[in-house]
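The values are calculated or read from the model by the stated rules, or taken from the named source; none is laboratory data. No experiment lies behind these values; they were computed from the predicted model shown. Neighbour counts run over all protein chains shown; Cβ positions are idealised from the backbone, glycine included.
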Amino acid sequence: MSTDTAAPALTAGAGAPAPRPPAVGRAFRALLWRDVFVTGRELVPFLLQVVLQPVFLLFVFGKVLVELGFATAQYSLVLLPGVIALTAFLTALQNTAFPLVIDFSFTKEIEDRLLAPLPTWLVAVEKVVFSLLRALVAAAVMFPISWWVLGALPVQRADLPVIGAFLVLGSLVGAVMGMTLGTSVRPNRINVVFAVVLTPLLFTGSTQFPWQSLDSLRWFQVVCALNPLTYVSEALRGQMAPEVPHLPLWLCALALTGFLLVFGTTSLVGFRRRALD
Amino acid sequence: MAVVDAGGEGGAAVEVSDLVKRYPGRPANAVDGISFTVHRGEVFGLLGPNGAGKTTTLGVLTTRVLPTSGTVTVAGVDVAADPVTARSRLSVVPQRSNLDRALTARQNLVFHAAYHGVGRAERNRRADALLEQLGLSGRGGDKVDDYSGGMAQRLLIARALMHAPQVVFLDEPSTGLDPQARLFVWDRVRELRAGGVTVVLTTHDMDEAATLSDRVGIMDSGRLLALDTPAALTRALPGSATLDIDVERADGDTDEAVLAALAPLAERVEQVTDAAGLRARLYLSGDAAALVGPVSEALGARRARLTGVRIGEPSLEDVFLSLTGRELR
């Protein structure tokens, strides 16, 4: 590594005027490709990480309890759409929350992206889009697994567009909630905050029960109505188990759009606050 | 005090005017109205104690900190008005490694170039060339976690050059490096300059500032206290250059008379008592070497002989301490 031989190439092309305005679209695609590339290499660990919990939930509550006679076969119909909704929603939420806390507070790996030639808010949008992709993969994997665990899959081809649309909407809401959390939590509080937020989200999302049947437990019904996951679960239940009481699709869509606007705004504000001093 | 130095032959690579940065809830401005110009192809050092505002200034220049007031242009682009274009023309070598640990060393370079829109063939070519130039060929496939501090620093420099920036910012480039790695980094900085790239670095290392920089700005408490070449800064420091002389005086003359004859030439003359013969130290401002002739003449007039000369130049450290004081912070 002598200096003499190093001289010509080190600055080859450097210092030249930029030939054209920066290509924002290319930068965005390159950021997304980096994330997909890294996930693709670790696909199996990723899938284990995101589907193990829902699979056990489904197995114990939808299969074991039914076999033992503590739950009816109809309960697995209630549970399945909820578990798929949960998988997408929480995968998206965790994928923006944890990595952002670590990136902004410890590794600073995000700095190279923040110095890429694209507006800061697009770096945040890329994270949301990537979380959406991961969430959709995780949800998609749940379908064959559910069929394997429960022995049946009550999904018609005609249901898929609506199911897909609500999984997209639900994952987006999960991703922007995760980003809001990830950019507002102090790093030394991360463990506490995630325990305090994740567990209630898991159990108030109408995943394990139809929301309308909570009439007799009014206060809990109100709490569940505040959890965006409820509307994903209910919408999927409406498609996959229409005979179970469920909220109308338009109401679920309206609620999720509202949550998306609110948390979309807070996530972008939070991201900008962490990205720029 | 604002120090303005506009123009220059190569034009301005960085122009800072009346830059102020105040963080919300803080009593004082982190950067308090500084102005300076960095010429194209220059190595510019921002020197200052911890908390002087160097890193904040660098943050504004690299679009990561929003200025409270004032304007900053880098490579002709206003960083606050058009940060996206500015980012395509500058690059940053951070103080602490922020390499992508999910990627190999080479992938770190290639993806960085991809973010900046460099085509596939070109980014692969540049990655291989830069890995070789920075002594990392053969280690491109390693995870960056396996890299030592010095190797990580070299990879950070390679990454910064992947998109052919016009201005490279280095934040404390040799902090925590061993002497070999430090010299290696210094050589690369000189190469960049030779290649026409403008380099702005922050440091609190006097040696680094004095050896590497064409010009040095000394910052403290958010203000720019002085700005000039290292040589001019040290020359301007009053009474800190010294000229030690050994004299063989004529028979019948006295030490006191010789010293008295030399007194008009310097700001102060002292006899150095531990020497066997007559040894005197002359304190002066400006160039000590230029005084050798007049001293020799003055001694010749008294039929004394100059037998030894030693020049003591003030260092940048003397300048720094005289401007920023000695108290700990």
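Please go through segment B:133-143 and give me each residue that is within 12 Å of chain A (Cβ to nearest Cβ) and surrounded by 20 or more Cβ atoms within 10 Å (Cβ to Cβ), ordered by number.
Passing the criteria: B:GLN133, B:LEU134, B:LEU136.
With over 30 Å from B:PRO67 (Cβ atoms), surrounded by 14 or more Cβ atoms within 10 Å (Cβ to Cβ), in contact (Cβ under 8 Å) with a residue 40 or more places away in the chain and not assigned by TED's automatic domain parsing to the domain that holds B:ALA288 as the only criterion, which of B:THR211, B:THR234 stands out?
B:THR234
State the number of residues belonging to segment B:81-99 that are over 24 Å from the mean Cα position of the chain (by Cα) and surrounded by 17 or more Cβ atoms within 10 Å (Cβ to Cβ).
Matching residues across segment B:81-99 total 5.
Specify which of the listed residues (B:ALA160, B:ALA102) is at the interface with chain A (Cβ under 9 Å from one of its Cβ atoms) and either small (Gly, Ala, Ser) or surrounded by fewer than 22 Cβ atoms within 10 Å (Cβ to Cβ) (or both).
Answer to the check: B:ALA102.
Just to confirm my filter: which strands (runs of 3 or more DSSP E) fall fully inside segment B:39-152 and include at least 3 residues that are touching a helix residue (DSSP H, G or I) at 6+ places or on another chain (Cβ under 8 Å), charged (D, E, K, R) and not assigned by TED's automatic domain parsing to the domain that holds B:LEU170?
none
Counting only residues that are touching a Lys or Arg at 6+ places or on another chain (Cβ under 9 Å), more than 9 Å from chain B (Cβ to nearest Cβ) and of a type in the set (Val, Ile, Thr), how many does segment A:108-125 have?
Number of matching residues: 1.
Let me confirm something: among A:THR230, A:THR180, A:THR265, which residue is loosely packed, with under 15 Cβ neighbours inside 10 Å, at pLDDT 90 or above and among the β-branched types (Val, Ile, Thr)?
A:THR265
In the set A:GLY264, A:GLY258, which member is free of Cβ contacts under 8 Å to residues at least 40 places away in the same chain, away from chain B (no Cβ under 14 Å) and under 30 Å from A:LEU118 (Cβ atoms)?
The conditions single out A:GLY258.
Please go through segment A:60-77 and pick out each residue that is of a type in the set (A, V, I, L, M, F, W, C) and under 19 Å from A:PRO245 (Cα atoms).
A:ALA71, A:ALA73, A:LEU77
Could you please find all residues in segment A:48-84 being closer than 13 Å to A:ARG134 by Cβ and either buried (at least 18 other Cβ atoms within 10 Å of the Cβ) or within 14 Å of chain B (Cβ to nearest Cβ) (or both)?
Of everything in segment A:48-84, those that are closer than 13 Å to A:ARG134 by Cβ and either buried (at least 18 other Cβ atoms within 10 Å of the Cβ) or within 14 Å of chain B (Cβ to nearest Cβ) (or both) turn out to be A:VAL50, A:VAL51.
Of these, B:LEU177, B:LEU130, which one is touching a residue at least 12 places away in the same chain (Cβ under 8 Å), more than 9 Å from chain A (Cβ to nearest Cβ) and either touching a Leu at 6+ places or on another chain (Cβ under 7 Å) or of a type outside the set (Gly, Ala, Ser) (or both)?
Only one candidate passes the filter, namely B:LEU177.
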